[in-house]
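The values are calculated or read from the model by the stated rules, or taken from the named source; none is laboratory data. Computed from a predicted model, the values in this text were never measured in an experiment. When we count neighbours, we look across all protein chains shown, and the Cβ atoms used for this are built from the backbone with ideal geometry, even at glycine.
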Amino acid sequence: MGAPSFVAEFGLWSDHQAAVAERVEVELNGVDLVRVVYCDPHGLARSKTVPAAMFRAVLRNGMDFSAGPFVFDTGHAVAVDFTSDPGVGVSELAGAGDFVLVPDPRTFQVLPGAGPRTAWVLGDEYQRDGQPHPLASRGVLHRVAAQYAKRDLVPVIGLEVEWYLTRLLPGPPGNAGNGFGLQGPAPAVQAMNAGYQFNLDAYYDSVAEVADPVAAMLMALGLPLRTMEHESGPGQLETTFTPMRALDAADAMLLFRTQVKQFCARRGYHASFMTLPRVDSFDPSGWHLHQSVTSTKTDRNVFAADGAQGTMSPDGEAYIEGLLARAHEYCLLSVPTVNGYRRLAPEFSLSPTEPNWRYEDRTVMVRVLSGGSSTHVENRIGEPCANPYLAIASQLSAGLDGLTAGRPLAGPRPGLPRSLREALRAFGDSGRATDLLGEPLKACLLKLKESEAARFDAWCAEEGPASGGVTEWEQREYFRVF
């Protein structure tokens, strides 16, 4: 269980966190179990469940976790060699040694539902010497938010997420042929409706028996739910949240995706945040990230122009220039899967293919919504299963580069990558990506995603070209887990 007084020994909490921890200890009197959670490099929640009495020690001592999720790719193939030299500059990975997860008491949340009273808490990863773990994605967003704070700025994030709700069909659990790097059959599902009647109330009503309780569950979690609406695809939903601070938004995205999948599965349904499932007539799902920046000195939105609506401040335009300039090299962090690049294609008119921007235009990468103090940008590049900490951090870092430069960043803008392979090359060649993530996390991500891409290429070489649409490999790899 970590180490005695690990938090106090290394001074890992702020005064505010310490005060919240005291309140958490009181709340534990009404809890049976606690899920101690962190976000792995793929954006998936990894956890251990402990009795509430045990969590009292975990809260201040931390908890040992295996490094396994840092070495497995999306299909659970070993991508980082932990038997000798992992090759990412983290010696603790050798032998798959443990790291210490320290709960962030501010994220403690009692989950709604019957049965044992269960809480959820997110943690930050540390090495045994008390140093932040270099492979921790939540730590990347911490650092980017601190860069804004040094300039008396606060980034504000709004989440807009598309996903699929389907009805599970009877069948085996999908273990046949499963193993390390070999995902078994994806769940057999049935569409909830015919789709292709955008925002049709009757189609929302056809999923309301699940979607309405999902909405109630999200509100019970304290998430700032804004809308639930029916998108174009069969049973495709869009969920939006009111703006939050960056770290809160990333934490909310992880909690939202995890709890929605579990809530639906318990009721005989399957929720998937895979971009384009291999199901008849499905349309791609995107994750649109709304962004603005507030000055802590003036409490004003720095994107808002002094003139009439339909305009944006020079700072706002500089921020957009940063997003466009880094779009090619950072794309991997917003679109991290083979399947995600199927959406960034000309046949999908509402998905971006080039780094461009315009006012109130959903066909470009960055859509600007101008309305005085509510002026903000919507970056439409992301896929719904991306790691929320890395996706948000990369866009905020790119925007800050433009904001601090105060002018268009030099150099031509290459188009958006059209495949995971192309995104990997751009990411690997990027010095800015190294600055953002640190060499160890960048190296680790390259190994993880290279393994994923290589397994896909091997499947295509054996089964034939992948030009005929979403492959069975993609459906097995992503539909269940994401």
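Reported count of residues in segment 174-192, each being farther than 20 Å from SER206 by Cβ, among the aliphatic types (A, V, I, L, M) and assigned to a strand (DSSP E or B), is 1.
One line per residue, one yes/no per condition, for (1) buried (at least 16 other Cβ atoms within 10 Å of the Cβ); (2) in contact with a helix residue (DSSP H, G or I) (Cβ under 9 Å, 6 or more places away or on another chain); (3) touching a residue at least 40 places away in the same chain (Cβ under 8 Å):
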position: LEU324; (1), (2), (3): yes, yes, yes
position: ASN339; (1), (2), (3): yes, yes, yes
position: SER351; (1), (2), (3): yes, no, yes
position: TYR359; (1), (2), (3): no, no, yes
position: THR363; (1), (2), (3): no, no, no
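Look at MET192 and say whether it is under 21 Å from MET253 (Cβ atoms) and surrounded by 14 or more Cβ atoms within 10 Å (Cβ to Cβ). For MET192, the condition - under 21 Å from MET253 (Cβ atoms) and surrounded by 14 or more Cβ atoms within 10 Å (Cβ to Cβ) - is not met. The lone criterion from (1) over 30 Å from GLY235 (Cα atoms); (2) of a type in the set (A, V, I, L, M, F, W, C); (3) assigned by TED's automatic domain parsing to the domain that holds THR375 left unmet by MET63 is number (3).
Per the conditions (1) at positive phi; (2) surrounded by 20 or more Cβ atoms within 10 Å (Cβ to Cβ), the sole criterion not satisfied by ASP73 is (1).
Does ALA119 qualify as being under 21 Å from LEU247 (Cβ atoms) and among the small types (Gly, Ala, Ser)? Criteria met by ALA119.
Scan segment 308-320 for residues that are assigned to a helix (DSSP H, G or I) and surrounded by fewer than 24 Cβ atoms within 10 Å (Cβ to Cβ) and the total you get is 4.
In the set TYR148, TYR126, which member is within 24 Å of the chain's Cα centre (by Cα), among the aromatic types (Phe, Trp, Tyr) and within 30 Å of ARG362 (Cβ to Cβ)?
TYR148
Criterion applied to PRO243, PRO284 was being crowded, with 23+ Cβ neighbours inside 10 Å, at negative phi and modelled with pLDDT of 95 or more, and the one residue passing it is PRO284. Just so you know, in segment 200-235 the residues that are free of Cβ contacts under 8 Å to residues at least 60 places away in the same chain and either touching an Asp or Glu at 6+ places or on another chain (Cβ under 6 Å) or outside the structural domain of THR275 (by TED's automatic domain parsing) (or both) include one that is surrounded by the most Cβ atoms within 10 Å (Cβ to Cβ), and it is SER232. When every residue of segment 163-173 is checked against the conditions, at least one turns out to be outside any loop (DSSP other than H, G, I, E, B) and either modelled with pLDDT under 95 or out of contact with any Gly (no Cβ under 8 Å at 6 or more places or on another chain) (or both). Checking every residue in segment 29-38 against the condition of being crowded, with 19+ Cβ neighbours inside 10 Å, assigned by TED's automatic domain parsing to the domain that holds ALA119 and within 27 Å of GLY382 (Cβ to Cβ) gives at least one match.
Any residue at all in segment 158-169 that is over 30 Å from VAL80 (Cα atoms), surrounded by fewer than 15 Cβ atoms within 10 Å (Cβ to Cβ) and not polar (S, T, N, Q)? The answer is yes, given that some residue of segment 158-169 is over 30 Å from VAL80 (Cα atoms), surrounded by fewer than 15 Cβ atoms within 10 Å (Cβ to Cβ) and not polar (S, T, N, Q).
Within segment 43-62, is even one residue under 28 Å from THR337 (Cα atoms), small (Gly, Ala, Ser) and at pLDDT below 95?
No; the residues of segment 43-62 include none that is under 28 Å from THR337 (Cα atoms), small (Gly, Ala, Ser) and at pLDDT below 95.
Taking segment 451-479 as the range and being within 24 Å of PHE348 (Cβ to Cβ) and under 23 Å from the mean Cα position of the chain (by Cα) as the test, the residues that pass are GLU452, ALA453, PHE456, VAL470, TRP473, GLU474, GLN475, ARG476, GLU477, TYR478, PHE479. Taking the conditions (1) under 18 Å from PRO284 (Cα atoms); (2) in a strand (DSSP E or B); (3) among the hydrophobic types (A, V, I, L, M, F, W, C) in turn, VAL154 satisfies each one other than (1). Scanning segment 430-482 for residues that are surrounded by fewer than 16 Cβ atoms within 10 Å (Cβ to Cβ) and over 21 Å from LEU400 (Cβ atoms) yields a total of 13. Close contacts from segment 447-458, counting a first residue that is over 16 Å from ARG476 (Cβ atoms) and a second that is among the small types (Gly, Ala, Ser) and surrounded by 21 or more Cβ atoms within 10 Å (Cβ to Cβ), with Cβ to Cβ under 6 Å and a gap of 6+ residues or different chains, come to LYS447/ALA79; LEU448/ALA79. Output yes when any residue across segment 79-88 is outside any strand (DSSP E or B), farther than 26 Å from PHE456 by Cβ and touching a Gly at 6+ places or on another chain (Cβ under 9 Å), and no when none is. No: segment 79-88 contains no residue that is outside any strand (DSSP E or B), farther than 26 Å from PHE456 by Cβ and touching a Gly at 6+ places or on another chain (Cβ under 9 Å). For segment 151-172, a residue qualifies if it is within 16 Å of PHE479 (Cα to Cα), in contact with a His (Cβ under 6 Å, 6 or more places away or on another chain) and not polar (S, T, N, Q), and exactly one does: LEU168. Do we have THR404 as within 29 Å of VAL78 (Cβ to Cβ) and out of contact with any Leu (no Cβ under 9 Å at 6 or more places or on another chain) here? Considered against the rule, which asks whether it is within 29 Å of VAL78 (Cβ to Cβ) and out of contact with any Leu (no Cβ under 9 Å at 6 or more places or on another chain), THR404 comes out as no. Of the residues GLY89, GLY115, which single one is exposed (fewer than 15 other Cβ atoms within 10 Å of the Cβ), over 20 Å from the mean Cα position of the chain (by Cα) and either modelled with pLDDT under 95 or of a type in the set (Phe, Trp, Tyr) (or both)? It is GLY115.
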